[in-house]
Every structure is written in structure tokens, then in C-alpha cells.
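Taken together, the values in this text are just the output of simple stated rules run on the coordinates, not laboratory data. This one's a predicted model, so the numbers in the text were calculated from it and none came from an experiment. Cβ placement follows ideal geometry from the backbone for every residue including glycine, while neighbour counts extend to all protein chains displayed.
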Amino acid sequence: MSEISTPTDWPSDPASVLLQRAPAMAEGLPVNPALAVELAWCLRERGDWLAAVISPGFIRVFLLPGGGELWGHIPLGQRRYLALGDVDWRFSAAHDAVLGDCQYVDLVDAVATVSGMVEARHLANDARRALGLVGPAGPSPEEAAPPVSRRGFLRALTGRR
């Protein structure tokens with residue numbers, strides 16, 4: 001049975017470390033070459049950190065301890081449920097050499113089913129909303145501006161509204 005270790009609390013934003021460690025955490029997993037390493041969002045929630053990370057090997061929401069109320073100690077490899085938003089999220093306990101103890105939820109079972117970065121970003125942002133989190137993550141550039149009709153384009157070009 002695995003020991004329960006005392007986690008290292010993250011007093012400041014762990015985004016850059018998560019981004020740096022994502023390739024190492026994906027080692028040994030099946031990969032999707034259409035995906036690249038990217039941090040979709042990282043937010044402090046009730047004193048702890050939640051972050052969505054995209055990599056060729058996974059699309060995950062990570063929970064890192066920040067001294068708040070979301071983190072719960074569980075043995076490595078074990079799972080626990082955490083009610084956030086309107087969903088009971090099943091977090092798995094893990095340990096990384098640099099991050100220390102962390103917990104994560106895989107947003108897809110098979111990363112190969114994701115068509116590319118646009119879909120991966122949608123999954124990450126949908127998870128943020130499902131978690132009940134609001135934050136700086138706005139719409140992706142692909143969804144920021146609706147398509148303009150030819151008529152609308154010509155009206156804008158001539159100064160008409």
C-alpha cells in the first residue's frame with residue numbers, strides 16, 4: 001500500500017512548472033501527434049490550484065495543493081471524488097519529481113480521438129465551465145469572431161451597419 005505523503009503547497013501560480021513538466025508526465029503514454037504541449041488555463045480556487053494541460057499524451061485537469069480546502073490527501077494511484085460545479089470529478093493521485101504530489105482528471109479516455117488543438121482547447125474550456133470556474137480564459141481565437149457573411153463584409157467595408 002502506498003504511503004500518504006505531505007504535499008508541497010504552491011503559494012504562487014504553478015503554470016510554468018506544469019507546462020515544463022507536461023512532456024515528462026506524458027512519457028510512456030500513447031500520443032496524438034496533432035497535439036502540442038499547452039496550458040489552457042490555471043486558476044486558484046478556494047486556496048488550491050486547478051489547471052488544464054494539453055499534451056500529445058493527455059488532456060488533463062490538475063489539482064495542486066495551495067493550502068486551501070480542495071486538496072485532500074490520498075495514497076498515490078488512488079482516486080477520490082470532488083464535487084465541483086454540478087459534477088463529481090474523479091481525481092487520481094500522482095507524484096512528479098518536480099511538482100510533487102498532484103491529482104488529475106483525464107478529460108478523454110483516448111487522446112488519439114481528439115482531432116487537434118482546437119478540439120483540445122474546447123475540451124479544456126468546457127471543463128473549466130463544468131468545474132464552475134470563471135477566469136481569464138476567454139474564447140479561443142477560433143471561436144472569438146463569428147463568421148461574417150459576404151453581405152455583412154461589404155456593408156462593413158462601405159461603412160454601413
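Tabulated data
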item	result
Dipole magnitude of segment 1-98, debye to nearest 20 (Cβ charges: Lys/Arg +1, Asp/Glu -1, about Cα centre)	160
Estimated distance in nm for a label pair at Arg90 and Val31, the labels positioned 7 Å out from Cα along Cα-to-Cβ	2.8
Gain on full stretching of the segment that runs from Met117 to Tyr81 - 0.36 nm per residue minus C-alpha separation	10.2 nm
Inter-site label distance for Val134 and Val17 at 7 Å from Cα along Cβ, in nm	2.9
Protection-proxy order for peptides 86-96, 72-82, 38-48, each taking the mean of Cβ atoms within 10 Å per residue, highest first	38-48, 86-96, 72-82
